[in-house]
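Contents: one structure, followed by commentary.
The values are calculated or read from the model by the stated rules, or taken from the named source; none is laboratory data. A quick note: this is a predicted structure, and the numbers were derived from the prediction, not measured. Here the Cβ positions follow ideal geometry from the backbone for every residue, glycine too, while neighbour counts run over all protein chains shown.
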Amino acid sequence: MLRRAAQLLPILDQLRFYQPAWLKSDIAAGLSVAAVSLPSAIAYPAIAGLPTEVGFYATIFSLVGYALLGSSRQLMVGPDTATCIMLAGVLATLGATDPGERLALTVALSLLVGVVCVLAGVLRLGFLANFLSRPMLVGFLAGISVSLIIGQIKRLTGVPIETDGLLRPILSLLSQLGAIHAPTLMTGLAALVLLRGLRKVPPGVPAPLVAIVLGIAASVALDLETRGVAVVGALPEIAFSLKAPVLDRLADPSLYGGALAIAIVGFGSGIVTARSFARKSHSNLNADKELYGFGAANIGSGLFGGFPVSASDSRTAVNFAIGGKTQLTALVAAATVALSVLFIAHLLAYLPTAILGAILVSAAIDLIDLREMRILYRISRIEFTFAILTLLGVVIVGVLQGVFIAIAATLGNMLWTASHPRLALLGRIPGKAGLYKLHRSPEARAIPGMTLVVLEASLVFFNAEFVKQKLLKIAKARRAGTTWFVLDAAGVNSLDSTGLEVLEELRATLATAGVSFGIADLNSQGRRTLDRAGMTEAIGKDFVFASTEAAAVAFESRIAARSA
């Protein structure tokens, strides 16, 4: 019974084998995670135009939700830049401008994202995360970083910027340089310099928290509000209670596309974090079980009035560095944040909004992975192009549209590559055993009277026509003196009826020219497909070879026998 319960609630399994020596590490890690979580809880709601308290709800109850169902011992969840910007994009697409309407839609979206993740876990769709290419994620994170930085112009300068995109906000700022509020700009720049400087100190120092504490102290000491520097202001009374949305919100089909997009991006970026730290801790990670954890985190956040969340690199890194052993760390962090909100929330009223802008800009800068961009450029110009395309799509046409453009472009490239497979000619190198690709080994020569072609892909409906034309072109070019044409099918993992039709057309065409067609190294499934279609008899059992080397040896033996 206990084992069954532990399967449903992984935290029970962690506590069942809990060692007393771990408690000190879990408490210390929990306090540190809370210290890092507070600034993001305060700053990130502003990305989606939501009140500050929503960030506290999302932070606290997502930690609890993931702690109950998440499979990773180290992973920490909560508000993150990518998911918040995705949420802002979805709300903009829905045309939500009224604060109450935005909040209601946010709660509904958080619950729907959680439901999507849970259903995906039930259907074991965790493998779909593998289709979110690294170039797309790198470009996406860079794109939302640029968008986020541009979005902080108003907070850092005091200049009202009402336009969106890449160039228009910058041009709007340049046209209003005289309207920049100097005290606001100095406050924001000082905080940004502090945040970037604290990155060079030993890990574990919560730089955003330091900036917030110093910002509140400076605001009170210098009375910045009377100098025109905008502050957060008094927070409404915060009460932790269930805030179930109106049922018709959850039944609104217009929310489903946005919820799906947020779930894809949130889980896609989150699973990268989860896998990275699982590798560091030498532990296994089940993507399907992680879907349950992400689902519980978002449902927990939504039930108490929070927004969609995902895994957090910074909080997970802090937990890992301090030495947290179990998800008790997350429960300690959630309790610490809740107590902080209840007893020191009144101090946040003095926090300059320019400090929040600086925290978001610093976080955005860290998301731009220039090193990864350089690696992509060296490895593959195509993948680098996709990363840049994703970046520009997110910045220029919007987060939601940019994601769909990136996914469509990635899938389009996959289909193009799959539908235009590589083919190569094989031959011998004098004095050496084996077969070699002619284009790769200049000293290799085709076997006189024999054409050996290797197909490096499956032969199915979407690439059959291309393969047929390439094979016929090769056959025509090498027809003089050729008596055997053998296809190396070692790379043909799948063969469908359209592919069989191509093989039959090729066989018939070659037969009219007096050339025998053979196939080599086809897997057992492909052999059965040939047998069922009657192609084995048409080709001839003697021309269905176990390997390409066997085909070459058979041809050379026949030629030698004739010459004897």
Item checked: Options 319, 284; residue that is in the same structural domain as residue 58 (by TED's automatic domain parsing), polar (S, T, N, Q) and either in a loop (DSSP other than H, G, I, E, B) or surrounded by fewer than 24 Cβ atoms within 10 Å (Cβ to Cβ) (or both) -> 284
Check: Pairs under 7 Å by beta carbon, first residue within 17 Å of residue 154 (Cβ to Cβ) in the range 215-232, partner assigned to a loop (DSSP other than H, G, I, E, B), six or more apart or different chains?
Finding: 228/181; 231/351; 232/351
Note to self: I'd like to check something: does the range 393-400 contain any residue that is part of a loop (DSSP other than H, G, I, E, B), crowded, with 19+ Cβ neighbours inside 10 Å and assigned by TED's automatic domain parsing to the domain that holds residue 507?
What the structure shows: no
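Table: residues versus (1) over 22 Å from residue 496 (Cβ atoms); (2) touching a residue at least 24 places away in the same chain (Cβ under 8 Å).
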position	(1), (2)
515	yes, yes
523	no, yes
531	no, no
537	no, no
541	yes, no
556	yes, yes
559	yes, yes
Notebook entry, point to check: Taking the condition farther than 19 Å from residue 551 by Cα and in contact with a strand residue (DSSP E or B) (Cβ under 8 Å, 6 or more places away or on another chain), does residue 453 pass?
Noted result: no
Notebook entry, point to check: What tally of residues in the range 532-559 results from selecting those that are part of a loop (DSSP other than H, G, I, E, B) and either basic (Lys, Arg) or not assigned by TED's automatic domain parsing to the domain that holds residue 517 (or both)?
Noted result: 0
Next item on the list: Specify which of the listed residues (445, 440) is basic (Lys, Arg), out of contact with any Gly (no Cβ under 9 Å at 6 or more places or on another chain) and modelled with pLDDT under 95.
Entry: 440
Next item on the list: Kindly indicate whether residue 359 is surrounded by fewer than 23 Cβ atoms within 10 Å (Cβ to Cβ) and of a type outside the set (Phe, Trp, Tyr).
Entry: no
Check: What's the number of the condition residue 127 fails, among (1) among the aromatic types (Phe, Trp, Tyr); (2) under 25 Å from residue 351 (Cα atoms); (3) surrounded by fewer than 24 Cβ atoms within 10 Å (Cβ to Cβ)?
Finding: (2)
Notebook entry, point to check: Just for the range 177-212: of the residues that are of a type outside the set (A, V, I, L, M, F, W, C) and at pLDDT 85 or above, which one is nearest to residue 43 (Cα to Cα)?
Noted result: 188
Notebook entry, point to check: Among 59, 97, which is the only one that is touching a strand residue (DSSP E or B) at 6+ places or on another chain (Cβ under 7 Å) and either closer than 27 Å to residue 357 by Cα or assigned by TED's automatic domain parsing to the domain that holds residue 336 (or both)?
Noted result: 59
Next item on the list: Report, ordered by the first and then the second residue, all pairs with beta carbons closer than 6 Å, sequence separation of six or more or different chains, a first member in the range 435-463 that is among the β-branched types (Val, Ile, Thr), and a second member that is part of a loop (DSSP other than H, G, I, E, B) and crowded, with 19+ Cβ neighbours inside 10 Å.
Entry: 451/482
Item checked: Residues located in the range 229-264, provided they are modelled with pLDDT under 90 and in contact with a Ser or Thr (Cβ under 7 Å, 6 or more places away or on another chain) -> 230, 231, 232, 235
Notebook entry, point to check: What residue, of 224, 209, is surrounded by 16 or more Cβ atoms within 10 Å (Cβ to Cβ), in contact with a Pro (Cβ under 7 Å, 6 or more places away or on another chain) and closer than 16 Å to residue 344 by Cβ?
Noted result: 209
Check: Which one of these is of a type outside the set (A, V, I, L, M, F, W, C), crowded, with 24+ Cβ neighbours inside 10 Å, modelled with pLDDT of 85 or more and not in a helix (DSSP H, G or I): 295, 306, 300?
Finding: 306
Margin query: Can you pull out every residue in the range 515-564 that is of a type in the set (Ser, Thr, Tyr) and either under 20 Å from residue 495 (Cβ atoms) or touching a helix residue (DSSP H, G or I) at 6+ places or on another chain (Cβ under 7 Å) (or both)?
Written below: 516, 524, 529, 536, 547, 548
Note to self: Among the residues in the range 357-374, are any in contact (Cβ under 8 Å) with a residue 40 or more places away in the chain, touching a strand residue (DSSP E or B) at 6+ places or on another chain (Cβ under 7 Å) and hydroxyl-bearing (Ser, Thr, Tyr)?
What the structure shows: no
Notebook entry, point to check: Right, residue 151: more than 20 Å from the chain's Cα centre (by Cα), surrounded by fewer than 20 Cβ atoms within 10 Å (Cβ to Cβ) and modelled with pLDDT under 85 or not?
Noted result: no
Checklist line | Some residue of the range 71-80 being surrounded by 20 or more Cβ atoms within 10 Å (Cβ to Cβ), closer than 18 Å to residue 275 by Cβ, of a type outside the set (Gly, Ala, Ser) and touching a Lys or Arg at 6+ places or on another chain (Cβ under 6 Å) | finding: yes
Note to self: I need the full set of residues from the range 71-85 which are in contact with a Leu (Cβ under 7 Å, 6 or more places away or on another chain) and assigned to a helix (DSSP H, G or I), in order please.
What the structure shows: 81, 82, 85
